[in-house]
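Here the structure is laid out as structure tokens; the discussion comes afterwards.
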Amino acid sequence: MSALLRELLDSTITQQINQLDVFPGSRVLEIGAGTGHVTALLARAVGLVGRVVAVDDDTTYLNPSAVVDVYSRDIAVNPDALPGDAASVDLVIARWPHHRLVDPAATIDRMLTRLRPGGWLVLADVTDTRPRVHRAATTGDEELINRVVRRLYDTALGAGGTGRWPVDVEGLLHGRGMEQVCLSAASETWTGGGPGCGVLAGIVDHARPTLQALGVHVDDIDYFQTVMTDPNVLLRSIERRGVHARKPA
Ligand SMILES: C[S@@+](CC[C@H](N)C(=O)[O-])C[C@H]1O[C@@H](n2cnc3c(N)ncnc32)[C@H](O)[C@@H]1O
């Protein structure tokens, strides 16, 4: 995940952590900890008497410390190997662990096994609400943005895909008997040449091989990069989603 994308997603997860009042001494399990960015926020929140267990199948960027334990686990291949005891942690959290989950709903179930009664689950990702073009220099530019973004979303976030948590994650959590289920979604406006459009250009660039395989012409991908620097462009951003819920005490 690029630093810019991470920054864009940070407000949602930070808000969740603050709202749930993660306190010094809390025990936290984080799934798909990646570069340890959220892990560091959590470590600060739980203080020296707390514990954060960070799990990822690529632990290259995760550093154990007095507060942080790092576990290398592929939770798709070995889903039952989540570290820790049943019902032992105050907070289980996962921000956008991405495509390799295979079965995100089953992952949520396993996360719930580690949660103590009264503990909180926090999930975050992006929704499949596409960036909407509010303004572009020409109708051709608008059409191009819509076409490339539609393809990107179909491949990365399409219904039934594993690129994010289940669409009806609220329903799933209610179905599991969770309480105080709360969902928030947020978006803003991005301008061509700004950081948000830069992130979108970066994601499209990264997805080049997939997009080309799906019939998006290389010239269109190149031109998309240019259009994203055009200050005439105004878009509704990628929409972020955060969910939290409490296990009954
Ligand atoms: C997009 S990054 C997000 C990192 C971090 N949660 C954040 O928000 O900054 C997705 C992370 O999930 C991890 N991941 C994906 N599938 C996984 C799996 N099956 N088992 C363990 N980790 C996985 C990846 O290795 C990657 O570090």
Look through Leu121, Leu112 and report the one residue that is farther than 23 Å from Arg44 by Cα, at pLDDT 95 or above and either out of contact with any Ser or Thr (no Cβ under 7 Å at 6 or more places or on another chain) or among the basic types (Lys, Arg) (or both). Leu112
With the requirement that a residue be within 9 Å of the ligand (Cβ to nearest atom), in contact (Cβ under 8 Å) with a residue 40 or more places away in the chain and part of a loop (DSSP other than H, G, I, E, B), what does segment 58-98 give you? Ile75, Trp96, Pro97, His98
Looking at Ala33, is it part of a loop (DSSP other than H, G, I, E, B) and in contact with a Pro (Cβ under 7 Å, 6 or more places away or on another chain)? no
Would you please name the residue that is nearest to the ligand (Cβ to nearest atom), looking only at residues in segment 18-43 that are of a type in the set (Val, Ile, Thr) and surrounded by 21 or more Cβ atoms within 10 Å (Cβ to Cβ)? Val38
Is it the case that segment 46-55 has a residue that's touching a strand residue (DSSP E or B) at 6+ places or on another chain (Cβ under 9 Å), part of a helix (DSSP H, G or I) and on the phi < 0 side of the Ramachandran plot? yes
Would you call Asp10 part of a loop (DSSP other than H, G, I, E, B), within 13 Å of the ligand (Cβ to nearest atom) and either in the same structural domain as Gly84 (by TED's automatic domain parsing) or at positive phi (or both)? no
For segment 89-147, what are the residues that are small (Gly, Ala, Ser) and under 23 Å from Val38 (Cα atoms)? Ala94, Ala105, Ala106, Gly118, Gly119, Ala124
When segment 205-228 is examined, which residues are found to be without any contact (Cβ under 8 Å) to a residue 24 or more places away in the chain and among the hydroxyl-bearing types (Ser, Thr, Tyr)? Thr226
Within segment 218-241, considering residues that are in contact with a helix residue (DSSP H, G or I) (Cβ under 9 Å, 6 or more places away or on another chain) and in a loop (DSSP other than H, G, I, E, B), the one surrounded by the most Cβ atoms within 10 Å (Cβ to Cβ): Met228
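The values are calculated or read from the model by the stated rules, or taken from the named source; none is laboratory data. These numbers come from a predicted model, not from an experiment. Here Cβ is always computed from backbone atoms with ideal geometry, including for glycine, and neighbour counts include all displayed protein chains.
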